[in-house]
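*Asks:* Questions regarding the structure given below will be posed in turn.
The values are calculated or read from the model by the stated rules, or taken from the named source; none is laboratory data. Bear in mind the structure is a predicted one, so any value in this text is a computation, not a measurement. Counting neighbours? That spans all protein chains shown, and the Cβs are built from the backbone with ideal geometry, glycine included.
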Amino acid sequence: MITIKVLGKGCPKCERLDQLVHSALQELSIGDATVEHVRDLDAILAYPITSTPGLVIDEQVKSSGRLPRKEEIVGWLREIAPLP
């Protein structure tokens, strides 16, 4: 099971990142993943990010302060869940 966290209070970029994550999961046909949008400031500050949006996959910060491209997210997911 892959655990993905989108860190952000709910700004448009944070919402867009949430959409990109779901789109990447769908593209790769990964069904065993949980996506959580973390909006609590204390929970966000528990991660070593400088600004939002932040993306955490299996407790590893993959990006912060920018909106990664969907292709980047797909690449990070492939590293964790290699597909045939």
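*Asks:* Which of the residues spanning the range 29-80 are surrounded by 15 or more Cβ atoms within 10 Å (Cβ to Cβ), within 17 Å of MET1 (Cα to Cα), aliphatic (A, V, I, L, M) and in contact with a helix residue (DSSP H, G or I) (Cβ under 9 Å, 6 or more places away or on another chain)?
*Replies:* ILE30, ALA33, LEU55, ILE57, ILE73, VAL74, LEU77, listed by residue number.
*Asks:* So ILE30 clears everything in (1) touching a Cys at 6+ places or on another chain (Cβ under 7 Å); (2) of a type outside the set (Ser, Thr, Tyr); (3) modelled with pLDDT under 95 except one condition, right? Which one?
*Replies:* So the condition that ILE30 fails would be (1).
*Asks:* So LEU20 fits all but one of (1) closer than 15 Å to ILE4 by Cβ; (2) loosely packed, with under 15 Cβ neighbours inside 10 Å; (3) hydrophobic (A, V, I, L, M, F, W, C); what number is the exception?
*Replies:* For LEU20, the exception is condition (2).
*Asks:* Looking only at the range 10-31, which residues are under 17 Å from ALA81 (Cα atoms) and touching a strand residue (DSSP E or B) at 6+ places or on another chain (Cβ under 7 Å)?
*Replies:* VAL21, HIS22, LEU25, ILE30
*Asks:* Please give the helices (runs of 4 or more DSSP H) falling wholly within the chain in which 1 or more residues are under 10 Å from the mean Cα position of the chain (by Cα) and free of Cβ contacts under 8 Å to residues at least 24 places away in the same chain.
*Replies:* Per the criteria, 12-27, 70-80.
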